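*Asks:* If you scroll down you'll find the structure; I have some questions about it.
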Amino acid sequence: MTAQETTTQPAGKPVGVAVLGMGTVGTEVVRLLRENADDFTHRIGGPVELRGIAVSDLGKDRPGIDRALLTDDALSLVNRDDVDIVVEVIGGIDYPRELILAALNAGKSVVTANKALVAAHADALSEAADNAGVDLYFEAAVAAAIPVVGMLRRSLAGDRIERIFGIVNGTTNFILDAMTSTGATYEDALAEATRLGYAEADPTADVEGHDAASKAAILASLGFHTRVNFDDVYCEGITRITAEDIDAATKVGYTIKLLAICEKITGDDGEEQVTARVHPTLIPSSHPLASVSKSYNAIYVDAEAAGSLMFYGNGAGGDPTASAVLGDLVGAARNKVHGGRAPGDSTYANLAVADFGDVPTRYHIDMLVNDRTGVLADIATRFSAKGISLRTVRQEEQERHSHARLIVVTHQAREADLRDMVAELEASEDVQKVSSVIRLDG
Ligand code: NDP
Ligand code: HSE
(Lines give C-alpha, C1' and ligand atoms only; values in the text may rest on other atoms or scores of the structure.)
(Ligands and ions follow the chains in the order given, each with its own letter.)
Protein backbone atom coordinates (compact mmCIF):
# COMPACT_ATOMS: atom_id res chain seq x y z
CA MET A 1 0.00 0.00 0.00
CA THR A 2 1.31 3.50 -0.79
CA ALA A 3 1.24 6.42 1.63
CA GLN A 4 -1.82 7.82 -0.16
CA GLU A 5 -4.03 4.74 0.20
CA THR A 6 -6.20 4.00 3.21
CA THR A 7 -8.17 0.87 4.00
CA THR A 8 -11.82 0.75 5.08
CA GLN A 9 -13.62 -1.84 7.14
CA PRO A 10 -15.98 -4.23 5.32
CA ALA A 11 -19.56 -2.90 5.82
CA GLY A 12 -20.99 -3.77 9.24
CA LYS A 13 -17.72 -5.21 10.59
CA PRO A 14 -16.95 -3.74 14.02
CA VAL A 15 -13.73 -1.75 14.52
CA GLY A 16 -11.58 -3.73 16.94
CA VAL A 17 -9.80 -1.73 19.64
CA ALA A 18 -6.94 -2.73 21.94
CA VAL A 19 -6.24 -0.57 24.99
CA LEU A 20 -2.68 -0.80 26.26
CA GLY A 21 -2.56 0.27 29.91
CA MET A 22 -5.32 0.44 32.47
CA GLY A 23 -4.10 2.92 35.04
CA THR A 24 -5.45 6.43 35.71
CA VAL A 25 -6.21 7.13 32.05
CA GLY A 26 -6.82 3.62 30.68
CA THR A 27 -9.42 2.84 33.35
CA GLU A 28 -11.52 5.85 32.31
CA VAL A 29 -11.02 5.15 28.59
CA VAL A 30 -12.37 1.62 29.05
CA ARG A 31 -15.24 2.77 31.27
CA LEU A 32 -16.43 5.48 28.87
CA LEU A 33 -15.92 3.29 25.82
CA ARG A 34 -18.24 0.68 27.33
CA GLU A 35 -20.77 3.07 28.87
CA ASN A 36 -21.18 5.13 25.69
CA ALA A 37 -20.89 2.33 23.14
CA ASP A 38 -24.17 3.20 21.41
CA ASP A 39 -23.20 6.84 20.99
CA PHE A 40 -19.85 5.81 19.55
CA THR A 41 -21.59 3.55 17.02
CA HIS A 42 -23.67 6.49 15.79
CA ARG A 43 -20.79 8.93 15.74
CA ILE A 44 -18.49 6.53 13.92
CA GLY A 45 -21.02 4.97 11.59
CA GLY A 46 -20.37 1.46 12.87
CA PRO A 47 -19.68 -0.32 16.15
CA VAL A 48 -16.35 -0.42 18.02
CA GLU A 49 -15.45 -3.47 20.05
CA LEU A 50 -12.92 -3.69 22.82
CA ARG A 51 -10.78 -6.72 21.96
CA GLY A 52 -8.36 -6.64 24.85
CA ILE A 53 -6.59 -4.62 27.54
CA ALA A 54 -2.87 -4.94 28.24
CA VAL A 55 -1.68 -4.43 31.81
CA SER A 56 1.45 -5.22 33.72
CA ASP A 57 -0.09 -6.92 36.76
CA LEU A 58 -2.82 -9.45 35.94
CA GLY A 59 -3.48 -10.02 39.64
CA LYS A 60 -4.64 -6.44 40.36
CA ASP A 61 -8.27 -5.92 41.30
CA ARG A 62 -10.15 -4.30 38.35
CA PRO A 63 -13.82 -4.11 39.28
CA GLY A 64 -16.28 -4.74 36.46
CA ILE A 65 -13.63 -5.88 33.97
CA ASP A 66 -14.03 -9.25 32.25
CA ARG A 67 -10.72 -10.95 33.05
CA ALA A 68 -10.76 -12.63 29.65
CA LEU A 69 -10.02 -9.20 28.14
CA LEU A 70 -6.81 -8.77 30.14
CA THR A 71 -3.35 -9.76 29.01
CA ASP A 72 0.18 -8.97 30.11
CA ASP A 73 1.46 -9.56 26.59
CA ALA A 74 0.80 -6.20 24.92
CA LEU A 75 2.68 -7.03 21.72
CA SER A 76 0.58 -10.13 21.01
CA LEU A 77 -2.56 -8.06 21.57
CA VAL A 78 -1.32 -5.40 19.14
CA ASN A 79 -0.63 -8.10 16.53
CA ARG A 80 -4.04 -9.76 16.75
CA ASP A 81 -5.91 -9.80 13.43
CA ASP A 82 -9.10 -8.50 15.00
CA VAL A 83 -7.41 -5.33 16.34
CA ASP A 84 -7.73 -2.32 14.03
CA ILE A 85 -6.88 0.53 16.41
CA VAL A 86 -4.39 0.56 19.28
CA VAL A 87 -4.80 2.97 22.19
CA GLU A 88 -1.54 3.37 24.11
CA VAL A 89 -1.84 4.67 27.67
CA ILE A 90 1.05 2.86 29.34
CA GLY A 91 3.63 5.66 29.39
CA GLY A 92 7.42 5.54 29.13
CA ILE A 93 9.38 5.60 25.90
CA ASP A 94 11.11 2.45 24.66
CA TYR A 95 8.41 -0.16 25.24
CA PRO A 96 5.46 1.91 23.96
CA ARG A 97 7.60 2.93 20.97
CA GLU A 98 8.08 -0.73 20.10
CA LEU A 99 4.35 -1.39 20.51
CA ILE A 100 3.23 1.64 18.51
CA LEU A 101 5.67 1.00 15.67
CA ALA A 102 4.48 -2.62 15.53
CA ALA A 103 0.88 -1.41 15.33
CA LEU A 104 1.56 1.22 12.65
CA ASN A 105 3.71 -1.14 10.58
CA ALA A 106 0.85 -3.66 10.67
CA GLY A 107 -1.56 -1.04 9.27
CA LYS A 108 -3.33 -0.23 12.54
CA SER A 109 -4.11 3.31 13.56
CA VAL A 110 -2.79 4.49 16.91
CA VAL A 111 -4.10 6.84 19.57
CA THR A 112 -1.65 7.77 22.32
CA ALA A 113 -1.55 10.10 25.31
CA ASN A 114 2.21 9.69 25.54
CA LYS A 115 3.89 13.09 25.18
CA ALA A 116 7.32 11.82 26.24
CA LEU A 117 7.31 9.36 23.36
CA VAL A 118 5.86 11.74 20.76
CA ALA A 119 8.33 14.50 21.71
CA ALA A 120 11.29 12.13 21.52
CA HIS A 121 10.43 10.07 18.41
CA ALA A 122 7.95 12.08 16.34
CA ASP A 123 9.81 11.55 13.06
CA ALA A 124 9.95 7.76 13.34
CA LEU A 125 6.31 7.48 14.42
CA SER A 126 5.01 9.84 11.79
CA GLU A 127 7.02 8.13 9.03
CA ALA A 128 5.64 4.73 10.04
CA ALA A 129 2.06 6.10 10.02
CA ASP A 130 2.59 7.68 6.59
CA ASN A 131 4.15 4.54 5.12
CA ALA A 132 1.19 2.47 6.29
CA GLY A 133 -1.42 5.11 5.41
CA VAL A 134 -2.88 5.01 8.92
CA ASP A 135 -3.57 7.56 11.64
CA LEU A 136 -1.42 8.61 14.55
CA TYR A 137 -3.45 10.71 16.98
CA PHE A 138 -2.10 12.27 20.19
CA GLU A 139 -4.57 14.95 21.35
CA ALA A 140 -4.32 13.81 24.99
CA ALA A 141 -0.54 14.23 24.96
CA VAL A 142 -0.86 18.00 25.46
CA ALA A 143 -3.02 19.57 28.16
CA ALA A 144 -5.34 16.55 28.48
CA ALA A 145 -8.91 17.70 27.75
CA ILE A 146 -7.99 20.96 25.98
CA PRO A 147 -8.22 20.25 22.24
CA VAL A 148 -5.10 22.22 21.40
CA VAL A 149 -3.48 19.64 19.11
CA GLY A 150 -6.53 19.43 16.85
CA MET A 151 -6.86 23.18 16.96
CA LEU A 152 -3.28 23.64 15.70
CA ARG A 153 -3.48 20.78 13.20
CA ARG A 154 -6.86 21.72 11.73
CA SER A 155 -8.51 24.94 12.85
CA LEU A 156 -5.39 27.10 12.61
CA ALA A 157 -3.84 25.29 9.64
CA GLY A 158 -4.54 28.33 7.47
CA ASP A 159 -2.89 30.87 9.78
CA ARG A 160 0.66 31.75 10.83
CA ILE A 161 1.40 31.10 14.48
CA GLU A 162 3.83 33.49 16.16
CA ARG A 163 3.77 32.42 19.79
CA ILE A 164 2.26 29.68 21.94
CA PHE A 165 2.62 29.96 25.68
CA GLY A 166 0.94 28.92 28.85
CA ILE A 167 0.51 26.39 31.61
CA VAL A 168 0.73 22.84 30.27
CA ASN A 169 1.47 20.79 33.37
CA GLY A 170 -1.29 20.15 35.88
CA THR A 171 0.88 18.73 38.65
CA THR A 172 3.22 21.70 38.92
CA ASN A 173 0.35 24.14 38.62
CA PHE A 174 -1.41 22.29 41.43
CA ILE A 175 1.73 22.48 43.59
CA LEU A 176 2.47 26.17 42.94
CA ASP A 177 -1.19 27.07 43.43
CA ALA A 178 -1.39 25.17 46.74
CA MET A 179 1.85 26.77 47.96
CA THR A 180 0.56 30.22 46.97
CA SER A 181 -3.07 30.04 48.05
CA THR A 182 -3.00 27.78 51.12
CA GLY A 183 0.65 27.85 52.17
CA ALA A 184 0.89 24.08 51.62
CA THR A 185 4.38 22.64 51.56
CA TYR A 186 5.87 21.50 48.28
CA GLU A 187 6.00 17.89 49.54
CA ASP A 188 2.35 17.80 50.68
CA ALA A 189 1.12 19.39 47.46
CA LEU A 190 3.08 16.91 45.32
CA ALA A 191 1.73 13.98 47.36
CA GLU A 192 -1.83 15.24 46.81
CA ALA A 193 -1.30 15.75 43.06
CA THR A 194 0.01 12.20 42.87
CA ARG A 195 -2.94 10.83 44.84
CA LEU A 196 -5.35 12.59 42.47
CA GLY A 197 -3.72 10.92 39.44
CA TYR A 198 -2.23 14.07 37.92
CA ALA A 199 1.45 13.23 38.29
CA GLU A 200 3.44 11.00 35.95
CA ALA A 201 4.44 7.50 37.12
CA ASP A 202 7.75 9.17 38.07
CA PRO A 203 6.75 12.70 39.18
CA THR A 204 10.31 13.89 38.55
CA ALA A 205 9.08 14.34 34.97
CA ASP A 206 6.56 16.88 36.24
CA VAL A 207 8.54 18.81 38.83
CA GLU A 208 11.74 19.01 36.75
CA GLY A 209 9.72 20.39 33.82
CA HIS A 210 10.36 17.43 31.48
CA ASP A 211 6.66 16.72 30.95
CA ALA A 212 5.99 20.37 30.07
CA ALA A 213 9.07 20.36 27.80
CA SER A 214 7.69 17.37 25.87
CA LYS A 215 4.43 19.26 25.43
CA ALA A 216 6.28 22.42 24.39
CA ALA A 217 8.16 20.39 21.75
CA ILE A 218 4.86 19.06 20.38
CA LEU A 219 3.20 22.49 20.37
CA ALA A 220 6.17 24.18 18.70
CA SER A 221 6.38 21.45 16.05
CA LEU A 222 2.69 21.76 15.23
CA GLY A 223 2.52 25.54 15.42
CA PHE A 224 5.69 26.34 13.48
CA HIS A 225 5.62 23.44 10.98
CA THR A 226 9.13 22.59 12.13
CA ARG A 227 10.36 19.53 14.00
CA VAL A 228 11.17 20.52 17.57
CA ASN A 229 12.24 17.60 19.75
CA PHE A 230 12.37 17.28 23.52
CA ASP A 231 16.14 17.90 23.48
CA ASP A 232 15.60 21.23 21.71
CA VAL A 233 13.58 22.62 24.61
CA TYR A 234 15.32 24.56 27.39
CA CYS A 235 13.91 23.21 30.62
CA GLU A 236 13.90 24.23 34.28
CA GLY A 237 11.43 22.81 36.79
CA ILE A 238 9.95 24.09 40.04
CA THR A 239 12.14 22.24 42.53
CA ARG A 240 14.11 25.36 43.43
CA ILE A 241 11.06 27.56 44.00
CA THR A 242 10.74 28.26 47.71
CA ALA A 243 7.94 29.56 49.90
CA GLU A 244 10.04 32.75 50.25
CA ASP A 245 10.07 33.20 46.44
CA ILE A 246 6.30 32.86 46.37
CA ASP A 247 5.84 35.28 49.28
CA ALA A 248 8.15 37.84 47.72
CA ALA A 249 6.37 37.58 44.37
CA THR A 250 2.91 37.94 45.93
CA LYS A 251 3.95 41.05 47.86
CA VAL A 252 4.88 42.89 44.66
CA GLY A 253 1.86 41.75 42.65
CA TYR A 254 3.35 38.77 40.82
CA THR A 255 2.48 35.07 40.66
CA ILE A 256 4.91 32.26 39.87
CA LYS A 257 3.79 29.79 37.21
CA LEU A 258 5.65 27.09 35.30
CA LEU A 259 5.24 28.30 31.72
CA ALA A 260 5.97 26.71 28.39
CA ILE A 261 6.89 29.39 25.87
CA CYS A 262 7.27 28.63 22.17
CA GLU A 263 7.95 31.50 19.81
CA LYS A 264 9.48 32.64 16.59
CA ILE A 265 12.42 35.03 16.85
CA THR A 266 14.65 36.63 14.26
CA GLY A 267 18.24 35.41 14.28
CA ASP A 268 21.35 37.57 13.73
CA ASP A 269 21.22 36.57 10.06
CA GLY A 270 17.71 38.03 9.78
CA GLU A 271 16.18 34.56 9.35
CA GLU A 272 13.22 33.31 11.39
CA GLN A 273 14.10 30.82 14.11
CA VAL A 274 12.01 28.96 16.66
CA THR A 275 12.56 28.59 20.35
CA ALA A 276 10.81 26.54 23.02
CA ARG A 277 11.45 26.76 26.73
CA VAL A 278 9.96 25.78 30.05
CA HIS A 279 10.78 27.54 33.30
CA PRO A 280 9.20 29.08 36.38
CA THR A 281 8.02 32.53 35.36
CA LEU A 282 6.78 35.58 37.23
CA ILE A 283 3.62 36.98 35.70
CA PRO A 284 1.58 39.94 36.96
CA SER A 285 -1.16 38.65 39.29
CA SER A 286 -3.67 40.49 37.08
CA HIS A 287 -2.69 38.31 34.08
CA PRO A 288 -5.35 35.68 33.23
CA LEU A 289 -2.75 32.91 33.57
CA ALA A 290 -2.19 33.90 37.19
CA SER A 291 -5.72 32.83 38.10
CA VAL A 292 -5.39 29.35 36.56
CA SER A 293 -5.66 27.21 39.68
CA LYS A 294 -5.35 23.56 40.70
CA SER A 295 -4.49 21.18 37.86
CA TYR A 296 -6.05 23.38 35.19
CA ASN A 297 -4.03 24.31 32.11
CA ALA A 298 -4.32 27.38 29.90
CA ILE A 299 -2.65 28.07 26.60
CA TYR A 300 -2.43 31.27 24.58
CA VAL A 301 -1.88 31.08 20.85
CA ASP A 302 -0.93 34.26 19.01
CA ALA A 303 -1.67 33.92 15.30
CA GLU A 304 -1.16 36.45 12.55
CA ALA A 305 -4.78 36.56 11.31
CA ALA A 306 -6.73 35.09 14.24
CA GLY A 307 -5.04 37.30 16.83
CA SER A 308 -4.69 36.06 20.37
CA LEU A 309 -6.64 32.95 21.41
CA MET A 310 -6.81 31.45 24.88
CA PHE A 311 -7.68 27.85 25.69
CA TYR A 312 -8.46 26.79 29.22
CA GLY A 313 -9.52 23.54 30.84
CA ASN A 314 -8.67 20.36 32.69
CA GLY A 315 -5.02 19.59 32.09
CA ALA A 316 -4.62 16.26 33.89
CA GLY A 317 -6.50 13.37 35.44
CA GLY A 318 -8.26 10.24 34.24
CA ASP A 319 -11.59 11.57 32.91
CA PRO A 320 -10.32 14.68 31.11
CA THR A 321 -7.54 12.71 29.45
CA ALA A 322 -9.93 9.92 28.48
CA SER A 323 -12.14 12.54 26.79
CA ALA A 324 -9.27 13.51 24.49
CA VAL A 325 -8.26 9.89 23.88
CA LEU A 326 -11.81 8.94 22.94
CA GLY A 327 -12.20 11.94 20.64
CA ASP A 328 -9.14 10.66 18.78
CA LEU A 329 -10.51 7.13 18.83
CA VAL A 330 -13.76 8.29 17.19
CA GLY A 331 -11.70 10.07 14.50
CA ALA A 332 -9.50 7.05 13.84
CA ALA A 333 -12.49 4.66 13.81
CA ARG A 334 -14.44 6.92 11.42
CA ASN A 335 -11.51 6.85 9.05
CA LYS A 336 -11.43 3.04 9.30
CA VAL A 337 -15.14 2.88 8.47
CA HIS A 338 -15.39 5.60 5.83
CA GLY A 339 -11.80 5.99 4.60
CA GLY A 340 -9.57 9.06 4.84
CA ARG A 341 -6.80 10.04 7.22
CA ALA A 342 -6.25 12.51 10.02
CA PRO A 343 -3.99 15.47 9.20
CA GLY A 344 -0.42 14.21 9.39
CA ASP A 345 2.78 15.92 10.42
CA SER A 346 3.77 19.12 8.68
CA THR A 347 7.39 20.14 9.13
CA TYR A 348 7.94 21.83 5.76
CA ALA A 349 9.03 25.19 7.26
CA ASN A 350 12.07 23.46 8.78
CA LEU A 351 13.15 26.55 10.74
CA ALA A 352 16.34 26.49 12.79
CA VAL A 353 15.97 26.07 16.53
CA ALA A 354 17.57 29.09 18.21
CA ASP A 355 20.30 28.72 20.80
CA PHE A 356 18.63 29.53 24.12
CA GLY A 357 21.48 31.94 24.91
CA ASP A 358 20.30 34.15 22.04
CA VAL A 359 16.67 34.25 23.13
CA PRO A 360 15.44 37.53 24.64
CA THR A 361 14.24 37.06 28.23
CA ARG A 362 13.72 39.21 31.31
CA TYR A 363 15.05 38.53 34.79
CA HIS A 364 13.85 39.28 38.31
CA ILE A 365 16.92 39.12 40.55
CA ASP A 366 16.65 39.17 44.33
CA MET A 367 19.96 39.69 46.16
CA LEU A 368 21.56 40.76 49.40
CA VAL A 369 24.17 43.49 48.93
CA ASN A 370 26.53 45.34 51.24
CA ASP A 371 24.75 48.33 52.73
CA ARG A 372 27.30 50.98 51.74
CA THR A 373 26.99 54.29 49.94
CA GLY A 374 27.19 53.92 46.17
CA VAL A 375 26.56 50.18 45.99
CA LEU A 376 23.33 50.65 44.08
CA ALA A 377 24.99 52.89 41.51
CA ASP A 378 27.87 50.40 41.13
CA ILE A 379 25.50 47.53 40.47
CA ALA A 380 23.46 49.58 37.99
CA THR A 381 26.72 50.39 36.16
CA ARG A 382 27.54 46.69 35.87
CA PHE A 383 24.20 46.02 34.20
CA SER A 384 24.64 48.96 31.88
CA ALA A 385 28.14 47.78 30.87
CA LYS A 386 26.57 44.54 29.67
CA GLY A 387 23.92 46.43 27.70
CA ILE A 388 21.13 45.28 30.02
CA SER A 389 18.67 47.98 30.88
CA LEU A 390 16.83 47.95 34.19
CA ARG A 391 13.11 48.35 34.51
CA THR A 392 12.90 48.67 38.29
CA VAL A 393 15.29 48.59 41.22
CA ARG A 394 13.98 48.29 44.74
CA GLN A 395 16.09 48.47 47.88
CA GLU A 396 14.88 47.25 51.26
CA GLU A 397 16.85 47.72 54.42
CA GLN A 398 17.36 44.59 56.50
CA GLU A 399 17.35 44.24 60.29
CA ARG A 400 21.10 43.79 60.17
CA HIS A 401 22.36 47.09 58.78
CA SER A 402 25.43 45.49 57.22
CA HIS A 403 23.40 44.52 54.17
CA ALA A 404 20.37 45.53 52.13
CA ARG A 405 18.01 43.59 49.93
CA LEU A 406 18.06 44.65 46.30
CA ILE A 407 15.44 43.52 43.82
CA VAL A 408 16.18 44.23 40.19
CA VAL A 409 13.83 43.71 37.26
CA THR A 410 15.44 43.93 33.85
CA HIS A 411 14.09 44.80 30.45
CA GLN A 412 14.49 42.15 27.74
CA ALA A 413 18.07 41.14 27.04
CA ARG A 414 19.87 38.12 25.58
CA GLU A 415 19.51 35.16 27.93
CA ALA A 416 23.28 34.54 27.77
CA ASP A 417 24.05 38.16 28.81
CA LEU A 418 21.61 37.94 31.71
CA ARG A 419 23.18 34.69 32.84
CA ASP A 420 26.69 36.21 32.66
CA MET A 421 25.40 39.16 34.65
CA VAL A 422 24.15 36.88 37.43
CA ALA A 423 27.52 35.08 37.50
CA GLU A 424 29.26 38.46 37.75
CA LEU A 425 26.96 39.52 40.60
CA GLU A 426 27.61 36.27 42.44
CA ALA A 427 31.35 36.86 42.17
CA SER A 428 31.14 40.51 43.25
CA GLU A 429 32.38 41.47 46.72
CA ASP A 430 29.42 43.82 47.10
CA VAL A 431 26.90 41.01 46.66
CA GLN A 432 26.58 38.77 49.69
CA LYS A 433 24.08 36.44 48.08
CA VAL A 434 21.94 36.17 44.95
CA SER A 435 18.85 34.73 46.65
CA SER A 436 16.74 34.03 43.59
CA VAL A 437 16.67 34.54 39.86
CA ILE A 438 13.31 34.05 38.14
CA ARG A 439 12.40 34.98 34.57
CA LEU A 440 9.52 37.32 33.98
CA ASP A 441 6.84 37.50 31.28
CA GLY A 442 3.56 39.21 30.53
P1 NDP B 1 -0.56 4.85 35.12
O2 NDP B 1 0.79 4.65 35.68
O3 NDP B 1 -1.68 5.19 36.02
O4 NDP B 1 -0.99 3.55 34.28
C5 NDP B 1 -0.10 2.85 33.46
C6 NDP B 1 -0.76 1.57 33.00
O7 NDP B 1 0.14 0.89 32.13
C8 NDP B 1 -1.10 0.60 34.13
O9 NDP B 1 -2.35 0.02 33.90
C10 NDP B 1 -0.02 -0.46 34.04
O11 NDP B 1 -0.44 -1.76 34.39
C12 NDP B 1 0.21 -0.47 32.53
N13 NDP B 1 1.52 -1.01 32.20
C14 NDP B 1 2.72 -0.67 32.71
N15 NDP B 1 3.69 -1.42 32.15
C16 NDP B 1 3.07 -2.25 31.27
C17 NDP B 1 3.52 -3.26 30.41
N18 NDP B 1 4.81 -3.59 30.31
N19 NDP B 1 2.61 -3.92 29.64
C20 NDP B 1 1.30 -3.62 29.72
N21 NDP B 1 0.80 -2.66 30.54
C22 NDP B 1 1.69 -1.99 31.29
O23 NDP B 1 -0.38 5.98 33.99
P24 NDP B 1 -1.44 7.06 33.52
O25 NDP B 1 -2.69 6.40 33.17
O26 NDP B 1 -1.44 8.20 34.45
O27 NDP B 1 -0.71 7.61 32.19
C28 NDP B 1 -0.67 6.84 31.01
C29 NDP B 1 -0.15 7.72 29.88
O30 NDP B 1 -1.01 8.82 29.70
C31 NDP B 1 1.24 8.30 30.09
O32 NDP B 1 1.90 8.37 28.85
C33 NDP B 1 0.96 9.70 30.60
O34 NDP B 1 1.99 10.61 30.31
C35 NDP B 1 -0.26 10.03 29.78
N36 NDP B 1 -1.12 11.07 30.35
C37 NDP B 1 -1.52 10.98 31.64
C38 NDP B 1 -2.34 11.93 32.18
C39 NDP B 1 -2.78 11.91 33.60
O40 NDP B 1 -3.38 12.89 34.04
N41 NDP B 1 -2.54 10.83 34.34
C42 NDP B 1 -2.79 13.08 31.36
C43 NDP B 1 -2.32 13.06 30.00
C44 NDP B 1 -1.52 12.09 29.53
P45 NDP B 1 -0.94 -2.12 35.89
O46 NDP B 1 -2.32 -1.54 35.98
O47 NDP B 1 -0.94 -3.60 35.90
O48 NDP B 1 0.03 -1.49 36.82
N1 HSE C 1 1.50 14.70 34.62
C2 HSE C 1 0.82 15.47 33.65
C3 HSE C 1 0.43 16.80 34.26
C4 HSE C 1 -0.41 14.76 33.17
O5 HSE C 1 0.48 16.92 35.49
O6 HSE C 1 0.09 17.71 33.53
C7 HSE C 1 -1.12 15.46 32.03
O8 HSE C 1 -0.35 15.46 30.88
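The values are calculated or read from the model by the stated rules, or taken from the named source; none is laboratory data. Computed from a predicted structure; not experimentally measured. No Cβ is skipped: glycine too gets one built from the backbone with ideal geometry, and neighbour counts run over all protein chains shown. Please note that ligands, DNA and RNA were not included when accessible areas were found on the heavy atoms of the full protein model with its side chains. Shrake-Rupley method; radii C 1.70, N 1.55, O 1.52, S 1.80 Å.
*Asks:* Can you figure out the FRET efficiency of Ala191 with Ser293, using R₀ = 25 Å and their beta-carbon distance, to the nearest 0.05?
*Replies:* With a Förster radius of 25 Å, E is 0.85.
*Asks:* May I pose another question? Choose one of Ala37, Asn79, Gly52: the residue whose Cα lies farthest towards the positive end of the charge dipole of the range 1-160 (beta-carbon charges +1 Lys, Arg; -1 Asp, Glu; about the Cα centre).
*Replies:* Positive-end residue among those listed: Ala37.
*Asks:* Now, a different point. Just to verify a number: FRET efficiency for Asp420 and Ala349, C-beta to C-beta distance, R0 = 35 Å, to 0.05?
*Replies:* 0.65
*Asks:* Under 1.5 on a/c is rounded, so check that first for the range 60-159, then, if it is not, pick prolate when a/b is larger than b/c and oblate when it is not; a ≥ b ≥ c are the square roots of the alpha carbon gyration tensor eigenvalues.
*Replies:* Taking the square roots of the gyration eigenvalues as a ≥ b ≥ c, the range 60-159 is prolate.
*Asks:* To continue, here is another question. Scan around Ser436 for amide H atoms under 5 Å from its own, H built in the peptide plane at 1.01 Å from N, and keep only partners 5 or more places away or cross-chain.
*Replies:* It is Asp366, by chain and number.
*Asks:* Using each residue's phi in the range 73-85, evaluate 6.51 cos²θ - 1.76 cosθ + 1.60 at θ = phi - 60° and report the 3J(HN,Hα) Karplus result to the nearest Hz, with x for Gly and Pro.
*Replies:* Ordered by residue, 3J(HN,Hα) equals 10, 4, 5, 5, 5, 4, 7, 5, 5, 8, 9, 9, 10 Hz.
*Asks:* Which whole-angstrom value gives the distance between the alpha carbon centres of the range 222-251 and the range 270-346?
*Replies:* 17 Å
*Asks:* Also, quick follow-up: Given R₀ = 22 Å, FRET efficiency for Glu304-Ser389 by Cβ-Cβ distance, to 0.05?
*Replies:* Once rounded, the FRET efficiency stands at 0.15.
*Asks:* For the chain, with every protein chain kept in place, what is the accessible area per residue (1.4 Å probe, Å²)?
*Replies:* Result: 43 Å² of accessible area for each residue.
*Asks:* Give me a comma-separated list of calculated 3J(HN,Hα) values for the range 228-241, in order, Karplus coefficients 6.51, -1.76, 1.60 applied at θ = phi - 60°, integers in Hz, x for any Gly or Pro.
*Replies:* 10, 9, 3, 5, 7, 9, 6, 9, 10, x, 9, 5, 9, 7
*Asks:* Here's a follow-up. Over 20 Å between Cα atoms, which of Lys257/Lys294; Lys13/Lys108; Lys108/Lys336; Lys251/Lys386 qualify?
*Replies:* Long pairs (Cα-Cα over 20 Å): Lys251/Lys386.
*Asks:* Still on this model: Can you give me the three principal axis dimensions of the range 151-266 from its C-alpha atoms, in Å, biggest first?
*Replies:* Here the spans come out as 45, 35, 25 Å, largest first.
*Asks:* Only four residue types carry charge here, +1 at the Cβ of Lys and Arg and -1 at the Cβ of Asp and Glu. Report the dipole size of the chain about the Cα centre in Debye, rounded to the nearest 20. Intermediate values should be presented prior to the final figure.
*Replies:* Working: 40 positive and 65 negative charges, 191 e Å.
So the magnitude is around 920 debye.
*Asks:* Helix by helix through the chain, keep the DSSP H runs that span 20 Å or more along the axis on Cα and average at least 0.5 on Kyte-Doolittle, and give those back in order.
*Replies:* Once both thresholds are applied, what remains is 210-224.
*Asks:* Calculate what fraction, in whole %, of the accessible area of the range 1-159 sits on carbon and sulfur atoms when a 1.4 Å probe is rolled over the protein chains.
*Replies:* Summing carbon and sulfur atoms, their accessible area is 48 percent of the total for the range 1-159.
*Asks:* Would you mind giving the average projected area, over all directions, of the Cα convex hull of the chain in nm² with one decimal?
*Replies:* Its Cα hull, projected and averaged over all orientations, spans 23.1 nm².
*Asks:* So for each of 357-364, 307-314, 296-303 I average, over its residues, the number of other beta carbons within 10 Å; can you give me the resulting order with the highest mean first?
*Replies:* Peptide ranking by packing, descending: 296-303, 357-364, 307-314.
*Asks:* Moving on to the next point. Based on the Cα gyration tensor of the range 103-221, what are the three equivalent ellipsoid semi-axes, each the root of five times an eigenvalue, rounded to whole Å and given largest first?
*Replies:* So the equivalent ellipsoid measures 31, 17, 11 Å along its semi-axes.
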